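Everything on this sheet refers to the single structure shown next.
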Amino acid sequence: MNTPQQTAKFFQFWVDACAQRHNILLQDWTNYRAFTSHVLTEPDPIIKAVATSLDLQWYSGYYHIDAILFRDADRVPDAPAGTTWVRRIRVAFEHENNFDSGLFQEVSHLLITDCDLRVVVSYPNNPDELASQLKYLYSIIADTDRSDQIAETGAFLFIAGRRDITEHTIEWSGYVYERTEWRKLWSYVVAPTT
């Protein structure tokens, strides 16, 4: 089972992994295909770095979930060689470059996924857009029969990334679903590395 402390750790490890790749993320910010590759599919993606920091395994593209994190003991015993089958998901992760593309789909997909922690990462254009979307996504989660359990365990994390073109920075903000609202964990502004 997840705890709020584990959710905060995921966010911290996400920021750390992105900070190490800051320059390439800034360079590819509007190239959705390249950016998504940095997050999910290149040989050493960000999600792998986060999984490693959490002492978990990772797999991209599991039943239309962008990535899952799991323990080695969660693997299905005697599954065919070269395949990844798990009997428990520790983290279900969705990454959406286009903030306006219907984040409700990502949230609803994660709500029907049995896992310890649900994470969505996306990139709002401005604070008003973020506030409006968080309010809507909150209502989707709040109206489920598992909302109290999700709130109690800190089992839903929304990460917002915003780029400042002139400063060449990325601000990462983490929000955890709670019973009355999203609680902001904190924000980090990451500057270019030399």
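Observations, loosely collected:
- Annotation: for a label point projected 7 angstrom from Cα along Cα→Cβ of Thr83, residues of the stretch 45-73 with backbone N closer than 15 Å are 62-63.
- Annotation for Asp74 and Asn126: the two label points, set 7 Å from Cα along the Cα-Cβ direction, are 3.9 nm apart.
- Positive-end residue, the chain charge dipole about Cα centroid, Cβ charges, pick of Leu185, Ala17, Val76: Val76
- Under 12 Å from the Cα of Lys9 - aspartates and glutamates, other chains or at least 8 residues apart: Asp55
- The modelled label-to-label distance for the pair Ser108/Glu181, using points 7 Å beyond Cα in the direction of Cβ, is 2.7 nm.
- Where both bridge residues fall in the chain, DSSP classifies roughly 70% of the beta bridges as antiparallel.
- Sites listed here are chymotrypsin sites (Phe, Trp or Tyr not before Pro) in the stretch 49-78 whose DSSP assignment is loop and whose Cβ has at most 12 other Cβ atoms within 10 Å: Tyr63.
- Working note: Cα atoms of the stretch 84-194, range along each principal axis, descending, whole Å: 44, 35, 25.
- The stretch 104-154 and the stretch 67-97: distance between their alpha carbon centers, rounded to Å: 21
- Over all directions, the projected convex hull of the C-alpha atoms in the chain averages 11.0 nm² in area.
Values quoted throughout were computed directly from the atomic coordinates according to the rules given, and no laboratory measurement underlies them. Remember, it's a predicted structure, so these values are computed and weren't measured experimentally. Virtual Cβ from ideal backbone geometry, glycine too; neighbours counted across all protein chains shown.
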